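For reference, the structure discussed in these notes is given below.
The values are calculated or read from the model by the stated rules, or taken from the named source; none is laboratory data. All values derive from a computational prediction rather than experimental measurement. Virtual Cβ from ideal backbone geometry, glycine too; neighbours counted across all protein chains shown. Note: accessible area is taken over every heavy atom of the protein model, side chains too, but ligands, DNA and RNA are not part of it. Shrake-Rupley method; radii C 1.70, N 1.55, O 1.52, S 1.80 Å.
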Amino acid sequence: MVERLLIDHVGHLGDGVALVEGQNIFVPYALGGESVEVTAVPGHHPDRRQLLRVEQPSAERVEPFCQHFGICGGCAIQHWQAEHYRAWKRDLVVTALAQAKIDCEVYPLIDAHGQGRRRITVHARKGTHDVLKVGFSTAHSHDVVPIDRCPILDPGLEGALDAAWALAEPLAVAGKPLDIQITASDGGLDVDVRGSGALPAALVSALSAVATKHRLARLTRHGELVLMRQPPGLTMGKARVILPPGCFLQATVAGEETLAALVARHCGRAKHIVDLFCGVGPFALRLAEKSRMAAYDSDANAISSLQKAAATTSGLKPLKAETRDLFRRPLVAEELRDFDGVVFDPPRQGAQSQAERLASSKVPLVIAVSCNVTTFARDARILIDGGYRIEGVTPVDQFRHTPHVELVARFTRK
């Protein structure tokens, strides 16, 4: 059944929101003020609709730049003028903080898309009649949209989609999902494959030929080395880090550099800093150029890479890195007492237990980095209730065309 709706505004996930008899109805790819034709989406929540046609377009609507937009689930917003999109994304932070009753200045949004995404996960599925699809998932589905180009990728990922197709051909098995994570490194493409099953010698030989043709620096399966032409590395400050297979990185080079610059500025003259959820050290290695550092993360491979990078880089202050699950064993007040600065950048679920220990500590300065404004607001409220003062929040947009936003905030003891 076709319905006609008037879109009221764009919601926090980037969908148009229509108000119908006191209920929110969500319409992807629609903008506020638009009159649209929609239909129900079988198998989805009854408050969701599929956009059929925009009857009365908004003056803010622009033509999407990617032919796959609206089918591929990677981007939610390419159809909105940049200035309105940017205002909406900053307002996501303003609204979440207001809902948590946190009163502070929200600075202008920083665009950190740079040259584009430097890491992607490509999905491969072989369906009926052995038809292979390699690409990204559709929105709200595990179906795969076949892709041979993506306009939001960093130049360092040039050829990544061709490589994914070439790897999927010998590895994909009908009915079994195959995920191919590809990261741009200074040595070429770093690829980790999941879901392939065991690799017999003949298959490894075929993959070696693919690696040579598509300039793969390294190929791993579930983190285990299959072959390496050269170690994949990245420069972080003065240091060069050899990446662990499938490791976490900020999505864009500009995103990492922007977040690191904000963290360094907020740390000021702190002499002894601890970096919690440090990963491979994008903050710790840069901060160690001026301050003594300690760094903790649950990923043993990331910590090992950080330790090696610190040990082989001249001109750094002492940097101690240690594997530790900060969700199960957060640093407590006694362990924090020697530090005059804390940086913490947890995963999307935030760091409630660690925030509670920080709130009971006497550390004079805390820098919070987050990729989830809702869990950030929860953790920030814990710090504020523990006696910290929030001095402002800077939103950072490294996931352009999506509702995801990073942020950096500075807290000081009252």
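Of the residues GLU34, GLU3, the single one that is farther than 30 Å from ARG378 by Cα and buried (at least 18 other Cβ atoms within 10 Å of the Cβ) is GLU34.
Within the range 361-374, being crowded, with 17+ Cβ neighbours inside 10 Å, out of contact with any Asp or Glu (no Cβ under 6 Å at 6 or more places or on another chain) and touching a residue at least 40 places away in the same chain (Cβ under 8 Å) holds for VAL363, LEU365, VAL366, ILE367, ALA368, VAL373.
Against the list (1) in contact with a strand residue (DSSP E or B) (Cβ under 8 Å, 6 or more places away or on another chain); (2) part of a loop (DSSP other than H, G, I, E, B); (3) small (Gly, Ala, Ser), the condition ALA163 fails is (2).
Are any residues in the range 117-131 crowded, with 21+ Cβ neighbours inside 10 Å and either free of Cβ contacts under 8 Å to residues at least 24 places away in the same chain or of a type in the set (Gly, Ala, Ser) (or both), and if so, which ones? Correct list: ALA124 only.
If the condition is being within 31 Å of the chain's Cα centre (by Cα) and assigned to a loop (DSSP other than H, G, I, E, B), then the range 34-58 contributes GLU34, VAL41, PRO42, GLY43, HIS44, HIS45, PRO46, ASP47, SER58. Figure legend. Inter-residue proximity from the range 138-161: first residues modelled with pLDDT under 95, second residues open to solvent by less than 70 Å² (accessible area, probe 1.4 Å) and charged (D, E, K, R), beta-carbon distance below 7 Å, spacing 6+ or different chains. Indicated pairs: VAL144/ARG125. Residues in the range 27-47 that are within 14 Å of VAL17 (Cβ to Cβ) and touching a residue at least 40 places away in the same chain (Cβ under 8 Å): PRO28, TYR29, LEU31.
Could you list, in sequence order, all residues of the range 79-102 that are assigned to a helix (DSSP H, G or I) and among the basic types (Lys, Arg)? Once the filter is applied, which keeps residues that are assigned to a helix (DSSP H, G or I) and among the basic types (Lys, Arg), the range 79-102 yields ARG86, LYS89, ARG90.
For the condition among the β-branched types (Val, Ile, Thr), touching a helix residue (DSSP H, G or I) at 6+ places or on another chain (Cβ under 8 Å) and either open to solvent by 30 Å² or more (accessible area, probe 1.4 Å) or within 30 Å of ALA409 (Cα to Cα) (or both), VAL134 does not qualify. For ALA377, the conditions (1) assigned to a helix (DSSP H, G or I); (2) farther than 21 Å from HIS272 by Cβ; (3) open to solvent by 10 Å² or more (accessible area, probe 1.4 Å) are fulfilled apart from (3).
Of all the listed residues (LEU336, LEU358, LEU326), the sole one being closer than 27 Å to PRO245 by Cβ and open to solvent by less than 20 Å² (accessible area, probe 1.4 Å) is LEU326. Tally the residues that are open to solvent by less than 30 Å² (accessible area, probe 1.4 Å), touching a residue at least 40 places away in the same chain (Cβ under 8 Å) and over 22 Å from the mean Cα position of the chain (by Cα), restricting the search to the range 289-323. Residues meeting the conditions: 6. Restricting the first member to the range 385-396 and to residues that are on the phi < 0 side of the Ramachandran plot, and the second to residues that are aromatic (Phe, Trp, Tyr) and open to solvent by 20 Å² or more (accessible area, probe 1.4 Å), the beta-carbon pairs closer than 9 Å and six or more apart or on different chains are VAL393/TYR107; THR394/TYR107; PRO395/TYR107. If you check ARG215, ARG240, ARG221 for being touching a strand residue (DSSP E or B) at 6+ places or on another chain (Cβ under 7 Å) and on the phi > 0 side of the Ramachandran plot, only one passes: ARG215.
Contact annotation: residue pairs with Cβ atoms under 8 Å, 6 or more positions apart or on different chains, pairing a residue in the range 77-102 that is touching a residue at least 12 places away in the same chain (Cβ under 8 Å) and of a type in the set (Phe, Trp, Tyr) with a partner that is open to solvent by 20 Å² or more (accessible area, probe 1.4 Å) and in a helix (DSSP H, G or I), are TRP80/TRP88. Does any residue of the range 303-325 turn out to be among the hydrophobic types (A, V, I, L, M, F, W, C) and closer than 29 Å to ILE390 by Cα? Yes - at least one qualifying residue is present in the range 303-325.
Among the residues making up the range 59-88, a single one is basic (Lys, Arg) and within 21 Å of the chain's Cα centre (by Cα): ARG86. When restricted to residues that are open to solvent by 50 Å² or more (accessible area, probe 1.4 Å) and either assigned to a loop (DSSP other than H, G, I, E, B) or among the β-branched types (Val, Ile, Thr) (or both), the range 166-201 contains 8. Touching a strand residue (DSSP E or B) at 6+ places or on another chain (Cβ under 6 Å), over 21 Å from SER141 (Cβ atoms), assigned to a strand (DSSP E or B) and not aromatic (Phe, Trp, Tyr) - does that describe any residue in the range 68-76? Scanning the range 68-76 turns up no residue that is touching a strand residue (DSSP E or B) at 6+ places or on another chain (Cβ under 6 Å), over 21 Å from SER141 (Cβ atoms), assigned to a strand (DSSP E or B) and not aromatic (Phe, Trp, Tyr). Just one residue in the set ARG265, ARG240 is farther than 14 Å from ARG118 by Cβ, open to solvent by 30 Å² or more (accessible area, probe 1.4 Å) and free of Cβ contacts under 8 Å to residues at least 40 places away in the same chain; that residue is ARG265. Every condition in (1) modelled with pLDDT under 95; (2) open to solvent by 30 Å² or more (accessible area, probe 1.4 Å); (3) in a helix (DSSP H, G or I) is met by VAL210 except one, and the failing one is (2).
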